[in-house]
Amino acid sequence: MSESPAPVVYVVDDDAAIRQTLCSLLRSVGLRMEGFASTGDFLRQADMSLPSCLVLDVRLPDIGGLEFQRHLVASDNPIPLIFITGHGDIPMSVRAIKAGAVEFLTKPFRDQDLLDAIQHAIARDTARRQKEQRVTCLRARYETLSPRERQVMALLLSGQPNRQIGQAIGASESTVKAHRVQVMRKMQAGSLVELVRMADDLELADLAQ
Amino acid sequence: MNMSGYSPQTPFPLRLPGWMRKLIEDGHKSGGMAHFIRYGFALFCILAALFLTMALQQMEIGRPPLFLFNAAIVISAWFGGAGPGAIAVLLSLLGGLYFYTGEFDGSGYQVNSVVILLLLLFTLCALAGRMLGFWRRNAEQALGAKAQQLQQAYDALRAEIAERRRTEQALQEARAELARAARLTAMGELAATIAHEVNQPLAAISNSAGACARWLDADPPNLKEARMLASWIVRDSERAAAVISRVRAMVRNTMPEKAPLGLNRIIHEVLDSLEYDLRKHRVAVALSLDPALPRIMADRLQLQQVFLNIFMNAVEAMAQAEERRLMVRTAATAGAILIEVEDSGGGFEGAGEKLFQPFYTTRPSGMGLGLAICRSIAEHHGGTLTAVRGVRGACFRLTLPRGG
């Protein structure tokens, strides 16, 4: 995590005292926090490019926390959520967790519980960002392959030896070998196994698009 | 004789004795036994007329009268029908000849004219009897039809009334359910609001304390930050205390709007509003209300709340009891009005005072505020609310000052 930018914890709670005290608590464990009084402020001012998580009060002045969660899911915003509430009930927490929230805490909560949830949420967000970054990088590498090289790569991935690949694309074994070297070099893959793993990531990303 | 549409329970227009009614009904039937009765009755009438006329003749009051025969023919034709009427005419003719031919003995001409006269007279009587019978039967049939119509209308009306009663009951139940739901929602809302208002500063305090400990544990300890957090803890606990005192003020400051009130009526009103619950839990209510209870100055809503609370507690206390009896008594003493509410729910353990402590509850979902609030309302009215052990359960005793 050291090479990625410092994570930030966003807090949306209309109570200034809660924001203030949470800020000090998070600072005491070396976490940066930004507080907002409403979800509107959060959407306008929060920097979504940083690894982050959102601590959200269920009872908010403009729209409820659960409603906002639905809004985030609908707009493909993957920021991990931690709910805090003054009067939570079980159906409410079940709904929140089912919709993907990391944790649902009832005020007053133990500081360690919140910190654990935040660590977990940030780790999840960081992992997601790293994977996203890796996929973009792989896609950029894949873009540099010529159509012929992509064809050879597809046949390589299906586990065929050079001779058969040559027969399939109507080229000699030595030409296939040359293409193969190019694919491995451009994709920066050290072994066939590594290439397979890269293709896996790429295919997942392709499906997602 | 067409007797369709004539039901046995249809009332007769004329109140005839039972045997006569039976006779008429039999007369209209066409059975061997019925014929026998009808003709027998005609014969009996004529014989009766004959013997009576003979008796009159013995009394030497002049010429023997014919009116008894006339009457016998009319009755036979009326109740018996055409056949018995004709028989009666013939028999009467013989009877008449027996009495009258004696006077005109030996003169065939006179006998002939007497026979013709008597025949004429008796036939007229028989016709009159028949007419009467027809008229009566028609009237009866018309009346029967009318009665049937009335019966139908009556049945329809009864069905409608039953239907309306069912609808009304359903409506009442729905209304009671709604009122209950509204009561529960209002209490739930209030509880949620208070919980939120109190939990907010509590969460801030908890955060501050946690952060404070961490800053102190740091190497080197950040005393400045810790001191700031400590001051926030003080600030937020004051804020929590302010919420509590605001709630207390809310309860206290709703100054009772006092107006002259009849307590008996309020008790009735509250019991009415609980009718559904009482019925559902099969609670019998025994009222012993002093009709001469003086009116007192009190807040209607607050007193309703007190009674509602005590009654609901009683109903819930009796949920497991075999006998469920709620007794409400009111009485006026020299300086105060006494209201006692006793249930048969087995009562409470320990001191009655405990029941009035805030947050004391025997129910898992209860807040334990009901009786505490009731007592404070009683005290605001210058009265008292206590609990003692009754015969089979708890007895709540509310006193309110006269003219208070």
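Structure values in brief
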quantity	calculated
Selection from A:T126, A:S75, A:L56 lying farthest towards where the dipole of the range A:8-131 points positive, charges on Cβ	A:T126
Share of carbon and sulfur in the accessible heavy-atom surface of the range B:285-353 [1.4 Å probe, %]	52 percent
Cα gyration tensor shape for the protein assembly as shown, rounded if a/c is under 1.5, else prolate or oblate	oblate
Portion, in percent, of the accessible area of the range A:8-131 that falls on carbon or sulfur, probe 1.4 Å	53 percent
Point-to-point label distance, A:A140-B:L124, nm (Cα→Cβ direction, 7 Å offset)	14.0 nm
³J(HN,Hα), Karplus 6.51/-1.76/1.60, whole Hz, each residue of the range B:117-133, x for Gly, Pro	4, 4, 4, 4, 4, 5, 4, 4, 4, 4, 4, 4, x, 4, 4, 4, x
Within the protein assembly as shown: Cβ-based charge dipole about Cα centre, in debye rounded to nearest 20 (Lys, Arg +1; Asp, Glu -1)	540 debye
Cα extents of the range A:28-86 along the three principal axes, largest first (Å)	30, 28, 18
Distance from the range B:255-296 to the range A:1-60 (C-alpha centre basis), Å	56 Å
Residues of the range B:225-248 buried by at least 50 Å² on assembly (accessible area, 1.4 Å probe, chain alone as reference)	B:W232
The range A:126-203 and the range B:75-90: distance between their alpha carbon centers, rounded to Å	128 Å
For residues of A:14-22, the mean tally of beta carbons on other chains within 10 Å	6
Selected from A:G100, B:F134, A:A16, residue furthest toward positive end of dipole (the protein assembly as shown; charges at beta carbon)	B:F134
Of A:A189, A:I169, A:S158, farthest towards positive along the dipole that unit charges on Lys, Arg, Asp, Glu beta carbons give the range A:146-209	A:I169
Rounded to the nearest 20 debye, dipole of the range A:8-131 from Cβ charges on Lys, Arg, Asp, Glu	380 debye
Solvent-accessible area per residue for chain A (1.4 angstrom probe, square angstrom)	51 Å²
Equivalent ellipsoid semi-axes - Cα gyration tensor, the range A:8-131, angstrom	18, 18, 15
Protein-protein interface of the range A:108-153, residues with accessible area decrease of at least 30 Å², isolated chain reference, 1.4 Å probe	A:P108, A:F109, A:D111
Global geometry of chain A, whether rounded, prolate or oblate, following the gyration tensor of its Cα atoms and the 1.5 cut on a/c	prolate
Buried area at the B-A interface (accessible, heavy atoms, 1.4 Å probe, summed, Å²)	1900 Å²
Probe 1.4 Å, all protein chains present, accessible-area order of B:E225, B:E160, A:E194, largest first	B:E160, A:E194, B:E225
Mean ellipticity per residue at 222 nm, deg cm²/dmol - from DSSP H runs of n ≥ 4 across the protein assembly as shown, formula -39500 (n - 2.57)	-21000 deg cm²/dmol
1.4 Å probe, heavy atoms, protein only - residues of the range B:189-204 losing at least 20 Å² accessible area vs chain alone	B:A192, B:H196, B:N199, B:Q200, B:A203, B:A204
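The values are calculated or read from the model by the stated rules, or taken from the named source; none is laboratory data. Keep in mind it's a predicted model, so treat the numbers as computed, not measured. Positions of Cβ are generated from backbone atoms using ideal geometry, with glycine treated the same way; all protein chains shown enter the neighbour counts. SASA here: full protein model, heavy atoms, side chains in, ligands and nucleic acids out. Shrake-Rupley method; radii C 1.70, N 1.55, O 1.52, S 1.80 Å.
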